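Trainee: Pasting in a structure now, in structure tokens, and then I'll have a few things to ask.
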Amino acid sequence: MKTPSFLHRLQEQQDAAVWFFIGEALWHMEQAWQELCHRLVPAASRRFGGESLLAKEVLAEDVIERLATQAMFGHRKLVRVKHVDAWNKTEQSVLDVYLKRPNPRACLVLQSTNKKGCETLIAAVKKAGGVILEFPAPTEAELPRWLQEQALLRQKQLGLQGATLLLERSGTDLHRLASEVEKLCDFVGERNRIEPDDIDQVVCHQRQYTIFELVRSVGKRQTGRAITILRQLLLSGEAPLSILGLLARHIRILWQVKDGLGMGLTVDAIGSRIKLSSWILRKEYLPNVELYSTVALFGAHRMLEATDLVLKTSGNTPEAILETLVLRLCRPQQKGSRANAQEPRRLALK
């Protein structure tokens with residue numbers, strides 16, 4: 001179901017106590033959920049929004065208790081449960097009892113990628129007068145047109161050639177495609193058309209990059225290329241913490257090499273001390289040493305430590321966290337920062 005179709009159903013049945021979203025078009029389902037929150041939650045309390053839960057992490061009884069709780073500022077209590085197909089028959093039967101007399105002061109949204117395993121719940125929702133919405137994933141043939149519609153929503157034009165190129169570069173994931181369209185719109189600025197050349201500059205190529213190329217691009221302050229390489233590393237299956245670990249290791253070795261050269265040591269001597277081949281040092285590290293000052297390496301080390309903590313404790317997406325790190329690493333050092341910065345320590349060559 002496309003967003004306009006959902007909006008029409010919402011206009012007609014916004015008082016429904018139960019909704020069931022079914023399908024693989026997760027992006028469309030998320031847009032539908034956001035619109036439902038916008039319609040049902042008053043502006044004054046919208047920051048609290050609706051409550052989104054995972055079925056595997058909550059019992060049906062707990063969901064029913066949440067629906068019975070009075071919402072803040074008097075609006076309808078809005079609760080979404082994703083992947084309800086993960087509930088066993090016992091949990092589904094508990095919810096089935098609730099669906100016979102759902103709370104009219106609440107709104108329950110159930111979500112699943114397929115109907116299998118949810119037949120009983122679907123029948124109960126229909127009997128309760130709820131709304132069943134299906135969100136089939138668009139076919140690859142439909143995606144170019146979908147991309148053009150996304151651009152038009154942002155007052156930009158995207159030709160069929162550009163849409164096809166973007167699809168080839170980014171794959172078929174709707175979340176990623178929508179994100180790329182948004183970035184392209186920001187990139188073209190006041191221009192009203194997104195050209196294939198813009199896609200060439202903004203959207204990453206389907207090729208393999210290495211952590212050395214990422215560090216080299218960061219060192220040269222090549223922000224766009226560094227972001228492209230980071231995304232490709234993630235697309236190729238590299239875990240975010242793994243990328244962070246490799247980046248931290250590379251920065252640490254660069255720092256050790258720079259310290260060693262400052263002490264007058266040869267590359268062979270440095271390699272012996274840090275137990276790394278002098279051939280590797282000459283090939284992968286020496287070309288990058290002069291790209292960083294000691295202060296910049298110290299700052300990068302501090303950023304990496306902070307990012308490690310955020311990755312392990314924050315609810316933000318790892319991709320966004322790593323992109324923020326790369327953007328900060330590429331940011332030119334401001335004047336006067338050396339004087340105000342904490343004195344960089346010497347990194348032990350061991």
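The values are calculated or read from the model by the stated rules, or taken from the named source; none is laboratory data. The structure presented is a predicted model; accordingly, all values stated were derived computationally and were not measured. Counting neighbours? That spans all protein chains shown, and the Cβs are built from the backbone with ideal geometry, glycine included.
Trainee: Quick one: Pro136 ticks every box in (1) surrounded by 13 or more Cβ atoms within 10 Å (Cβ to Cβ); (2) in contact (Cβ under 8 Å) with a residue 40 or more places away in the chain except a single one, so which number is it?
Mentor: Of (1) surrounded by 13 or more Cβ atoms within 10 Å (Cβ to Cβ); (2) in contact (Cβ under 8 Å) with a residue 40 or more places away in the chain, only one is false for Pro136: (1).
Trainee: From (1) in a loop (DSSP other than H, G, I, E, B); (2) within 26 Å of Ile270 (Cβ to Cβ), pick out the condition that doesn't hold for Arg191.
Mentor: (2)
Trainee: A further question follows. Quick check, is Val215 outside the structural domain of Glu323 (by TED's automatic domain parsing) and among the hydrophobic types (A, V, I, L, M, F, W, C)?
Mentor: Answer is no for this residue.
Trainee: Related question: Consider region 97-119. How many of its residues are part of a loop (DSSP other than H, G, I, E, B) and either within 14 Å of Val41 (Cα to Cα) or among the hydrophobic types (A, V, I, L, M, F, W, C) (or both)?
Mentor: 2
Trainee: Determine, yes or no, whether Val94 is touching a helix residue (DSSP H, G or I) at 6+ places or on another chain (Cβ under 8 Å) and in a strand (DSSP E or B).
Mentor: no
Trainee: In region 221-235, what residues are surrounded by 17 or more Cβ atoms within 10 Å (Cβ to Cβ) and among the β-branched types (Val, Ile, Thr)?
Mentor: Residues satisfying the conditions are Ile227, Thr228, Ile229.
Trainee: Might you let me know whether region 199-218 holds any residue that is part of a loop (DSSP other than H, G, I, E, B) and of a type in the set (Gly, Ala, Ser)?
Mentor: no
Trainee: Somewhere in region 195-203, is a residue surrounded by 15 or more Cβ atoms within 10 Å (Cβ to Cβ), within 30 Å of Asp15 (Cα to Cα) and not assigned by TED's automatic domain parsing to the domain that holds Ala16?
Mentor: Scanning region 195-203, I find no residue that is surrounded by 15 or more Cβ atoms within 10 Å (Cβ to Cβ), within 30 Å of Asp15 (Cα to Cα) and not assigned by TED's automatic domain parsing to the domain that holds Ala16, so the answer is no.
Trainee: Further, regarding this structure: On the basis of being among the basic types (Lys, Arg) and touching a residue at least 40 places away in the same chain (Cβ under 8 Å), does Arg169 make the cut?
Mentor: Criteria not met by Arg169.
Trainee: Now a separate question. From the residues in region 236-261 that are among the small types (Gly, Ala, Ser) and surrounded by 17 or more Cβ atoms within 10 Å (Cβ to Cβ), which one is farthest from Ser278 (Cα to Cα)?
Mentor: Ala248
Trainee: Quick check on my filter: what residues within region 283-295 are surrounded by fewer than 14 Cβ atoms within 10 Å (Cβ to Cβ) and either at pLDDT below 80 or outside any loop (DSSP other than H, G, I, E, B) (or both)?
Mentor: Lys283, Pro287
Trainee: For Gly159, state whether it is outside the structural domain of Leu309 (by TED's automatic domain parsing), surrounded by 14 or more Cβ atoms within 10 Å (Cβ to Cβ) and either among the charged types (D, E, K, R) or at pLDDT 85 or above (or both).
Mentor: When the stated conditions are applied, Gly159 passes them.
Trainee: The conditions are (1) surrounded by fewer than 15 Cβ atoms within 10 Å (Cβ to Cβ); (2) part of a helix (DSSP H, G or I), and Gly264 fails exactly one of them. Which is it?
Mentor: (2)
Trainee: Is it fair to say Thr266 is in contact (Cβ under 8 Å) with a residue 12 or more places away in the chain and hydroxyl-bearing (Ser, Thr, Tyr)?
Mentor: So Thr266 does not fit the description; no.
Trainee: Name the residues in region 148-173 that are among the aliphatic types (A, V, I, L, M), part of a helix (DSSP H, G or I) and under 22 Å from Gly224 (Cα atoms), would you?
Mentor: The answer is Ala151, Ala163, Leu165, Leu166, Leu167.
Trainee: Looking only at region 211-239, how many residues end up being in contact with an Asp or Glu (Cβ under 7 Å, 6 or more places away or on another chain) and more than 19 Å from Glu290 (Cβ to Cβ)?
Mentor: Of the residues in that region, 4 qualify.
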